Amino acid sequence: MGIYLDNAATSYPKPPEVYEAVYKAMKEIGANPGRGGHKLSLLASRIVFECREEIASFFNIPDSKNIVFTSNATEALNLAIKGILKKNDKVITSTIEHNSVIRPLTKLEKELNIKITFIQSDNRGSINPDNILPYLDDNIKLIVLTHSSNVIGNIVPIEEIFYHCKKKGIITLLDAAQTAGLIPIDVQKMNIDLLACPGHKSLLGPQGTGFLYIRSGLELDTLKEGGTGTESSSIIQPLELPERFESGTLNMPGIAGLLAGIRFIKKTGIENIRNHEIKLMQKLIEGLKNTKNLKLYGSLVPEKMTSTLSFNLLNLDCSEVGFILDEVYNIYTRVGLHCAPLAHKTIGTFPSGTVRVSPGYFNNEGDIDEFLKAIKEISERH
Ligand SMILES: Cc1ncc(COP(=O)(O)O)c(C=O)c1O
């Protein structure tokens with residue numbers, strides 16, 4: 001089958017419990033959660049409720065009603081950004097953000113004349129809180145930052161940055177696409193007002209899952225309106241969370257899988273998952289450092305990164321490297337810009353991009369050995 005090293009895009013494989021939970025939810029329950037009071041519908045609602053509760057306890061969210069299920073991190077980010085920002089509002093973000101942040105912001109720049117300030121990271125992709133402090137003032141409505149770059153994996157010191165934002169009354173939105181399930185996140189301790197997460201990456205759930213946490217007291221416009229299974233006599237969208245933002249049938253089988261994924265992480269221990277991935281990254285970085293004609297990007301300190309690494313061979317385009325890895329070695333990586341063009345401009349790899357390699361919990365040291373052997377051969381042959 002090959003070696004999957006593209007976990008920054010989506011994690012694979014999932015724990016066996018996740019496949020079983022999805023199958024069971026489809027085969028044995030099947031009904032629509034929150035619609036109708038029959039036994040199967042109640043069982044479906046129970047799964048959704050339990051997943052919300054599990055997420056709340058995992059991220060120290062005071063009330064699980066403030067968790068809104070979405071189909072991925074992109075939808076969660078769109079809901080947060082478009083729900084909060086109004087005409088002429090000011091927003092801070094950074095140059096290492098994913099397009100799921102940059103594109104909604106640039107759309108609102110055109111349509112609502114919002115003002116965007118981009119905090120420049122250094123050429124290794126690190127963001128220094130001291131560079132942000134001068135921009136923080138009480139005219140800023142929102143700050144939106146990624147917890148970790150999906151190109152170079154460096155972890156952003158969010159707790160320190162958001163502490164200062166809070167003092168200025170700036171609403172904080174964290175894009176935890178690359179960290180949720182891998183790095184502990186406490187929304188209260190870290191002053192996170194809005195937390196956007198995919199369910200399908202390190203939370204180990206199926207594709208088509210994600211959520212947004214919305215702190216109590218924040219008012220957001222809806223991204224979509226429709227049936228919620230509540231207040232059906234009214235033709236106006238309900239105000240209560242989570243239904244206000246969950247119009248339409250939920251991905252119940254996906255949510256069942258996400259619940260199983262989070263329970264797997266709890267059972268295994270997030271620190272054990274992290275330590276295993278750190279070991280893989282140490283081996284990977286050391287091996288690539290010893291490969292001729294190869295340039296590595298980012299901080300290269302596994303403890304300060306997620307399990308995502310970018311590199312280029314000096315004499316071969318990254319798309320060719322990815323193609324050979326796939327075709328000849330059955331090793332699956334991702335090449336190009338990874339939906340983060342500004343990050344590549346920052347590290348000097350725009351427009352061609354990099355080879356991105358991202359191991360996950362289910363990879364082992366043998367996978368890394370195979371990968372390093374393949375890269376060494378490719379580099380020597382070209
Ligand atoms: C930093 C970052 N933000 C947002 C996203 C979007 O996540 P999703 O694919 O769940 O919409 C990604 C996906 O790779 C990402 O890496």
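Side notes on the structure shown:
- Cβ separations smaller than 9 Å between residues 6+ apart or across chains give the following pairs from the range 3-20 residues that are within 9 Å of residue 260 (Cβ to Cβ) and of a type in the set (A, V, I, L, M) to residues that are within 15 Å of the ligand (Cβ to nearest atom) and assigned to a loop (DSSP other than H, G, I, E, B): 18/204; 18/205; 18/206.
- Residues in the range 53-66 include none that are in contact with a Gly (Cβ under 8 Å, 6 or more places away or on another chain) and in a loop (DSSP other than H, G, I, E, B).
- Residue that is part of a strand (DSSP E or B), within 15 Å of the ligand (Cβ to nearest atom) and of a type outside the set (Lys, Arg), where the choices are 93, 117, 74: 93
- Meets criteria (among the polar types (S, T, N, Q), modelled with pLDDT under 95 and either within 16 Å of the ligand (Cβ to nearest atom) or surrounded by fewer than 19 Cβ atoms within 10 Å (Cβ to Cβ) (or both)) for residue 234: yes
- Only one of the listed residues (55, 140) is under 26 Å from residue 217 (Cα atoms), of a type in the set (Val, Ile, Thr) and surrounded by fewer than 20 Cβ atoms within 10 Å (Cβ to Cβ). That residue is 140.
- Flag if residue 75 is touching a helix residue (DSSP H, G or I) at 6+ places or on another chain (Cβ under 7 Å) and among the acidic types (Asp, Glu): no
- Count of the range 314-351 residues which are away from the ligand (no atom under 15 Å from the Cβ), polar (S, T, N, Q) and in contact with an Asp or Glu (Cβ under 9 Å, 6 or more places away or on another chain): 0
- Whichever residue in the range 240-258 is of a type in the set (A, V, I, L, M, F, W, C) and under 17 Å from the mean Cα position of the chain (by Cα) and, among such residues, is nearest to residue 221 (Cα to Cα): 255
- Scanning the range 208-221 for residues that are in a loop (DSSP other than H, G, I, E, B) and more than 12 Å from the chain's Cα centre (by Cα) returns 208, 215, 216, 217, 218, 219, 220, 221.
- Tally, over the range 323-336, of residues that are without any contact (Cβ under 8 Å) to a residue 60 or more places away in the chain and within 23 Å of the chain's Cα centre (by Cα): 2
The values are calculated or read from the model by the stated rules, or taken from the named source; none is laboratory data. Note that the structure is predicted; figures quoted are calculated from it, not measured. Methodologically, a virtual Cβ is constructed for each residue, glycine included, from the backbone with ideal geometry; neighbour enumeration extends over all protein chains shown.
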